[in-house]
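To start, the structure itself, in structure tokens.
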Amino acid sequence: MQNNRPTAASADVKKKKIRILIGIGVMAVLGILSYILLQHPDLFLPEKESGPSSMYSDKLLSYSFYPTDYDLDVSADEYYMGLDRYIHIQRGAENFAVTDGDYAAWGKPIEFFARYFGAAIAGDAEAYNALFTDAYYKSHEPYERFAPQMIYGIKLEEMSATESAAGDSYVYNVTYAIYRNDGSFRNDIDSNAFKTLIFYLVPDGNSLKIDAIDYYRKAK
């Protein structure tokens, strides 16, 4: 009688074929996933936080923000009031902090930034929006509202000052952090995170306005 039972050798060959087919299938799946990841990386990003887009970046990352309180009284937070809330200025080798509130004595840029941060801390969107040029709003939307911001660690570094008949223009590196960031003003940074921005200030009558803001990038 003929023996049709598979031998041990034929069984091993069959197992090897199955393993090869499984391996090919796994490689095919990984190849498809790699293609999708390269072509559509946004499908694998964390879910974005809801809320207004940032004036400073069109890239909205996902952070865990604190609840928004439009009636926040920042002066009632003892911890925040104990943080360094002065404006620190760097001009070349010169470093100093304005501690007496007399910002006008240090020139138009410093007086301007005092109004800028004053509006942000107060949650005054109307006053804040008025600090930008019409050209800026051709590519950015003004704020409808944002909550009072607990801003601290402010550092202004003057990068250039250009004189002209219409008035002087300035470029500043601006760095600060927000204590208990709620995301209504800056949703591109986490709480207590410092990220330097480049401010381009242009003359506007006897004052200045912001014509552009960009992220600071180290030279490669």
Problem - Qualifying positions in the range 147-179 - in contact (Cβ under 8 Å) with a residue 60 or more places away in the chain and either aliphatic (A, V, I, L, M) or touching a Ser or Thr at 6+ places or on another chain (Cβ under 6 Å) (or both) - result: 147, 150, 151, 154, 155, 156, 174
Problem - Yes/no for residue 191 being among the small types (Gly, Ala, Ser), closer than 29 Å to residue 81 by Cα and open to solvent by less than 40 Å² (accessible area, probe 1.4 Å) - result: yes
Handout entry: Tally of residues being under 20 Å from residue 110 (Cα atoms) and either within 12 Å of the chain's Cα centre (by Cα) or surrounded by fewer than 16 Cβ atoms within 10 Å (Cβ to Cβ) (or both) across the range 142-166
Key = 7
Problem - Sole residue being open to solvent by 50 Å² or more (accessible area, probe 1.4 Å) and more than 19 Å from the chain's Cα centre (by Cα), chosen from 127, 114, 104 - result: 104
Completion exercise
Going through the range 97-113 in order, the residues found to be in a helix (DSSP H, G or I) and hydroxyl-bearing (Ser, Thr, Tyr) are 103
Problem - strands (runs of 3 or more DSSP E) wholly inside the range 114-220 that include at least 3 residues being at positive phi, touching a His at 6+ places or on another chain (Cβ under 8 Å) and at pLDDT below 95 - result: none
Practice task
Considering each residue of the range 131-141, count those that are open to solvent by less than 60 Å² (accessible area, probe 1.4 Å) and either β-branched (Val, Ile, Thr) or more than 18 Å from the chain's Cα centre (by Cα) (or both), and give that number.
Solution key: 5
Exercise for the section: Only residues in the range 183-201 that are closer than 30 Å to residue 166 by Cα count as the first member; pair them with residues that are of a type in the set (A, V, I, L, M) and open to solvent by 40 Å² or more (accessible area, probe 1.4 Å), Cβ under 9 angstrom, at least 6 apart or cross-chain, and list the lot. Expected result: 198/159
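The values are calculated or read from the model by the stated rules, or taken from the named source; none is laboratory data. Note that this is a predicted model, so its numbers are computed, not measured. So basically every Cβ, Gly included, is an ideal-geometry build from the backbone, and we count neighbours across all protein chains shown. All accessible areas refer to the heavy atoms of the entire protein, side chains included, with ligands and DNA or RNA removed. Shrake-Rupley method; radii C 1.70, N 1.55, O 1.52, S 1.80 Å.
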